[in-house]
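Inspection log for the structure reproduced underneath, given as structure tokens.
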């Protein structure tokens, strides 16, 4: 195909998308597209996935449609690169996911039975474990991708451990663990500071000890969130956005009153924060 074969029109098909991507990767296409590899654009897939999540959160159908297109483009891009080396192509990607959907929905396409959504998830995990040849639950835990955001990865690891009964009976257990881990952070900071002063360890070693305890605390917090049926990654993202909104409002309020935040004490800033918080909570 030639460049003039591609024109702007109202609707396209998946085959046209594939042809366009193949052309962009061709000698007559785009130098940048030709230079890319799986590794060079892998971060783009992650970024596009997060942008799709933002669009879903916005509940804007046009944005969701647009961002899902960007995610699909990444899939087609990777498939095109693979096809050029005879590794796999887009049809192989489609075939793989269709096989997976059929083989893991054994309550529909095979002899298993399931009456609830939780039972369906149990069957999915059982079939997934079988397909991947994972012989132990430890292997299942190790199979959770390291590239996941840390909060999400810890959530999935805990979820899979709970699948074989390694879990608290109720939410009180992980709540107690949070308090325990908080105390251990304070103790580790105190002990390591004393050890550094006594020359018994370096500040770098002390930092690693405290960081380890902070990690244990965060892991416990994720576990508590899981028992509350809260996705910690999404919850933290929401809280970060809330902080930005409130900080922006505090800054605007300070400017309105002729104040400079850099010159204000923490007590003064807290007063503005509390005022903004109360206002925003009234408007929820």
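In region 34-45, what residues are in contact (Cβ under 8 Å) with a residue 24 or more places away in the chain and part of a helix (DSSP H, G or I)? If you could, list the steps in order and put the result at the bottom.
Initial filter on region 34-45 (in contact (Cβ under 8 Å) with a residue 24 or more places away in the chain): 36-38, 41, 44-45.
Selection gives 38, 41, 44, 45.
Pick from region 73-93 the residues that are touching a helix residue (DSSP H, G or I) at 6+ places or on another chain (Cβ under 9 Å) and exposed (fewer than 14 other Cβ atoms within 10 Å of the Cβ): which of them is nearest to residue 34 (Cα to Cα)?
Applying the filter and picking the extreme gives 84.
May I ask you to verify whether residue 63 is out of contact with any strand residue (DSSP E or B) (no Cβ under 9 Å at 6 or more places or on another chain), without any contact (Cβ under 8 Å) to a residue 12 or more places away in the chain, under 25 Å from residue 235 (Cβ atoms) and surrounded by 15 or more Cβ atoms within 10 Å (Cβ to Cβ)?
The answer is yes for residue 63.
Sort out which residues of region 1-23 are part of a helix (DSSP H, G or I) and at pLDDT below 95, and write them in order of number. Don't jump to the end; show me each part of the working.
So the first thing to find is which residues in region 1-23 are part of a helix (DSSP H, G or I), and the list is 3-5, 14-23.
Across region 1-23, the qualifying residues are 3, 4, 5.
Residues of region 94-111 being farther than 30 Å from residue 82 by Cα and either exposed (fewer than 11 other Cβ atoms within 10 Å of the Cβ) or modelled with pLDDT under 90 (or both), which ones?
The answer is 111, and nothing else.
Can you name every residue in region 145-169 that is under 16 Å from residue 222 (Cα atoms) and within 16 Å of the chain's Cα centre (by Cα)?
Matches in region 145-169: 148, 149, 150, 151, 152, 153, 154, 155, 156, 157, 158, 159.
Inside region 69-152, counting only helices (runs of 4 or more DSSP H) that do not spill past its ends, which hold 2 or more residues that are closer than 27 Å to residue 51 by Cα?
Values: elements: 90-104, 106-109, 117-132, 137-142.
Ranges flagged: 90-104.
Pick out the one residue from 58, 26 that is more than 20 Å from residue 147 (Cα to Cα) and modelled with pLDDT under 95. Before you say what the answer is, go through the steps one by one.
Working: 26 fails: modelled with pLDDT under 95.
So the residue among 58, 26 that is more than 20 Å from residue 147 (Cα to Cα) and modelled with pLDDT under 95 is 58.
Would you mind stating whether residue 222 is closer than 30 Å to residue 108 by Cβ and at pLDDT 95 or above? Walk me through how you get there before you give the answer.
On the way: closer than 30 Å to residue 108 by Cβ: no; at pLDDT 95 or above: yes.
No, not satisfied.
Give region 24-54 a look and list any residue that's surrounded by 13 or more Cβ atoms within 10 Å (Cβ to Cβ), under 21 Å from residue 12 (Cβ atoms) and more than 15 Å from the chain's Cα centre (by Cα), or say none.
Within region 24-54, 24, 25, 26, 29, 33 meet the criteria.
Among (1) within 21 Å of residue 82 (Cα to Cα); (2) in contact with a helix residue (DSSP H, G or I) (Cβ under 8 Å, 6 or more places away or on another chain), where does residue 52 come up short?
(1)
Say whether the condition of being at positive phi and modelled with pLDDT of 95 or more is met by at least one residue in region 84-93. Walk me through how you get there before you give the answer.
Looking only at region 84-93, we keep the residues that are at positive phi, and these are 86.
Subsequent filtering for residues that are modelled with pLDDT of 95 or more retains 86.
Yes - at least one qualifying residue is present in region 84-93.
Within region 162-176, count every residue that is within 21 Å of residue 213 (Cα to Cα) and assigned to a helix (DSSP H, G or I).
Here the count works out to 5.
The values are calculated or read from the model by the stated rules, or taken from the named source; none is laboratory data. As the structure is a prediction and not an experimental result, all values here were calculated from the model. Note that we place each Cβ from the backbone using ideal geometry, even for glycine, and neighbour counts take in every protein chain shown.
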